1. All but one of (1) at pLDDT below 95; (2) in a helix (DSSP H, G or I); (3) away from every other protein chain (no Cβ under 12 Å) hold for residue B:910; state the number of the condition that does not hold.
2. What's the number of the only condition in (1) surrounded by 21 or more Cβ atoms within 10 Å (Cβ to Cβ); (2) under 30 Å from residue B:93 (Cβ atoms); (3) touching a residue at least 40 places away in the same chain (Cβ under 8 Å) that residue B:718 fails to meet?
3. For the range A:110-226, which helices (runs of 4 or more DSSP H) that fit wholly inside it have 3 or more residues that are farther than 30 Å from residue B:298 by Cα and within 11 Å of chain B (Cβ to nearest Cβ)?
4. For the range B:760-791, which positions are more than 23 Å from residue B:556 (Cβ to Cβ) and more than 32 Å from the chain's Cα centre (by Cα)?
5. Would you tally the residues in the range B:438-467 being under 18 Å from residue B:413 (Cβ atoms), surrounded by 13 or more Cβ atoms within 10 Å (Cβ to Cβ) and in contact with a strand residue (DSSP E or B) (Cβ under 9 Å, 6 or more places away or on another chain)?
6. What's the number of the only condition in (1) more than 30 Å from residue B:912 (Cβ to Cβ); (2) buried (at least 20 other Cβ atoms within 10 Å of the Cβ); (3) in contact with a strand residue (DSSP E or B) (Cβ under 7 Å, 6 or more places away or on another chain) that residue B:222 fails to meet?
7. What tally of residues in the range B:231-246 results from selecting those that are closer than 18 Å to residue B:84 by Cβ and in contact with a helix residue (DSSP H, G or I) (Cβ under 7 Å, 6 or more places away or on another chain)?
8. Look at the range A:78-92 and say how many of its residues are at pLDDT 90 or above and either assigned to a loop (DSSP other than H, G, I, E, B) or more than 9 Å from chain B (Cβ to nearest Cβ) (or both).
């Protein structure tokens, strides 16, 4: 039933190689960026998201927001949701496409290179983090990130982003978003462990990444990612205009 | 289906994108400041992990040893962010009693991928959620977005924490705090409570002797004029019923069901041959191969939300499932990423009945039904044939015009057979067999004998009174399906004949591993026959109780019901409610005094002032309109618990809201709630209550859960509301206990709960009830083991052990602790199936067979027209109460649209108070199709006025391809006027103005009245009265921007 789908994927820029190749590319990339510091070497954390299993419930979004006490209105992860239809067959009904987004913990992270104070750095285990004690809030990293994954935290006035819940991972727990993923779409683990679930998923599936042309070697991989969603999406943003009873705009939600 | 879908240009990305795209917006302005001074902000708690609290556990990577964070507590209790009532794990900060985060309970079948074995120690349960051995991936147990966000309700700034009495007129929004004891006294004793004249209190109204209306004694006593409203089955409802029915003695207890999904329930009850319990099922998601969801959107909404969503996600990716979702609007039940495995079929709102009848017709015409299943006329034949249920397809129905038994099944006594020798045998009832025609020899024979019977038959049967014309049930269904052509059905639902045929073909191509489900999408003016026809499809393939077919919920362990330790259902001196429900349900009008009077006066007994609903359960949808109309009678007092019909029931605001503000119409209104909602804002008093993780309760899961489960809600944090003078928190339970004690009602006091030996125990505190219910759960079947010290310490149950020791027998304490430590009691998944069927305990059966033909439906009379209903599914248009087609009264020329309501995947009807939800999904622009928008000159973001015959509301338009042209769709959960949308003044202080709570629109505010009914009314299903919030006629106007 899904052969056409497979053909389509095969023709696209999918990453079909397994973990070994990904990590090898990471090793080469590493030379160009500041030295990795902190974290345990011998591990490379990554996330695989099976989009077929995502139901767009935003449990991950709210769990992350709660766990990390993210200021209201900013997000370390969120699920973008799109309504899609076939341009070639406009008579066919539309479908829903949901795309969880977060920091890609790239192996060649553009954010690290541009940080003037080395507040943004990469750990030996691959996690890209921000040291708030060093960060001056210049937002160069925010601009440099091809994935819009960073923001300036209005409370701390420093760059802020997904940490892969490093505080939880170091304690032997899972990131909050993974723990509460209702569809079981988000999988987290160590790519250097050939027996890990993420390693197995990379072996078994033609995974893809967002904006592969940026050469950032993202370490959030997607199963079922359509290339048209891999870059900037030509969609109309959601409408969160709030109006009063007469229809006048009364501005954005305050929380 | 295609693989080359492309992004829809110029139309909606619904959600999220803004956040990641907008992250950059406000950064530049801050940069200079930051560079000059180091960080300009407040330093986070930790420079790397910012303000995240420390983890709740630490697991040693080498040994797997789990060390709890001594400053935090994790405990398994119950969510109440929607009506699913999932088991969750709540993580709290011990020092502040704040809830830090909520996720799922791994023991719980509604939250876990596959629940862990119940015997698992709590320590190992926690370990199963971690990275240790990657156990937490396959073993994850989740909370949904709403469940994650619900913790904000605890400290919601609009929460009511004191006992309130209104100041000024009802609904004015001004209150003063009064002592709890004063509230109890005033509510019980009445008096001139508001300077508006005398008000009868609950004591005076608790009159079980005096008829409330001497001319109509069947209406029952005065006590029936006190109605007690509940919101939902939240595990506390049995306590309210105990008070309402058996202590106070009113007939009128009601809940949200009749404006939620009642059409599905009664339609299902008609199929399942049970119009008392109204059982329904869900597809067995773990094994189904092809599923059709009509007016139901698993993964987007519905109960159980997570279990359906999770199993759907797995089944469409790694499993075998292909499915279609038939709805006017596209939701998250669709997945482009799962591509060819699923498809959305946009249908005309209210067109589902025609689709189902078309499918039934095609299946019968093409003999694609499961003939082997349908031919088994009774339990013996079914067992012999290896079927897990049987139907009445072959049973003969009297069809002879003018015959007194027309519409009834032909019975043994009709042809001279003796009644069976069973206790209570009665002609045409118990012990009087159904008859069928033997498939082998063509003889007329009782249904109970083994062997198949003829499916189709039209003929006559010889009886002592002469020949009688009969047909088989399946013949009647075929006749009904053939009343319209496939082209007619296609036109009525707006789908091509080929689509109807294709669905029917695929549905009948998987043996019993296919299923069709429906739910809230059937809540329109022809809801009953829609659900009856849709769910009939399952019967035609004989999929009930089968792996991959339809499964019910096996339910929970006995809690309140007479259990192995205590009987919480019966008590000394309990009363039984008498009389007729306000909703005129479950009582044939033909037995009323009114009917007799009208007959005796020589007039037609029809139509009645309002419909009578003999097939329906008591319906809150008719209570308040009945009270205003005084038919069958008015109300003297209303006590509501969390109920909010004015928000949830389409058209009710317009019909009754202003009238309920009049104390002459409703003299006393007491509300129990932690929040002021659209209904209880009109109360005289508000009793504060515990919220979610602060409260007690026991629930069992919804349909589609294949193992037995009892979920425990217990206070894992301290409730935030006031205490009474006696030191106990004011709660719903305490209110009913103290009213009961003050009025001297049975059921409350020192010796009212019998244990297994008959010794009586007290019910003076909530714990007296809920902990003994826990003992019943713990001891059901094989009693659970004792909780270990480690279980108690790790699970946080230590904080309630003193209560356990106070209420329970010493030997019960550790067993009940074992249950609370795991958040309830749960059967292991390994027991779910028995071969190709679900386990024996989980099979639904009907002694007289599932109904192709439902005799009760067929012989009930519509009191507005005096006509009988069809006993088999049939196609009807949307219809008003007097039989007028809705479109005759509200023609398409004037009302070109039909509006559909759909459930939000984020907001429930009471979750708007969560800021972490609102930030993700702050409002609900209404969906308009690209074609309609172009015609009307509407662009996304425009202000539009949605006008129905029930009123109008201004909304923001969202132009989509994901909605059928001619339809408009409104997401439920927004458009609040209370719950924070209005600032009430309490003790002279206005509540804060936080904004955002009123965002969006509530379709129910423009729900319809039924113009063919007298007095105030709301539009409902013409057969059973369930509320109509779907397929409402409407027009859309662009509003000039202001």
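1. So residue B:910 meets the others, but not (2).
2. The failed condition is (1).
3. Where helices (runs of 4 or more DSSP H) fall fully within the range A:110-226 and carry at least 3 residues being farther than 30 Å from residue B:298 by Cα and within 11 Å of chain B (Cβ to nearest Cβ), they are A:140-144, A:166-170.
4. Filtering the range B:760-791 down to residues more than 23 Å from residue B:556 (Cβ to Cβ) leaves B:760, B:762, B:764-765, B:788-790.
Across the range B:760-791, the qualifying residues are B:760, B:762, B:788, B:789, B:790.
5. Qualifying residue count, the range B:438-467: 7.
6. (3)
7. Narrowing the range B:231-246 to residues closer than 18 Å to residue B:84 by Cβ: B:231-237.
Right, trim to in contact with a helix residue (DSSP H, G or I) (Cβ under 7 Å, 6 or more places away or on another chain) and you get B:231-232, B:236.
Residues meeting the conditions: 3.
8. Residues flagged as at pLDDT 90 or above and either assigned to a loop (DSSP other than H, G, I, E, B) or more than 9 Å from chain B (Cβ to nearest Cβ) (or both) within the range A:78-92 amount to 0.
The values are calculated or read from the model by the stated rules, or taken from the named source; none is laboratory data. Treat the numbers as computed from the prediction; the structure is a model and nothing was measured. When we count neighbours, we look across all protein chains shown, and the Cβ atoms used for this are built from the backbone with ideal geometry, even at glycine.
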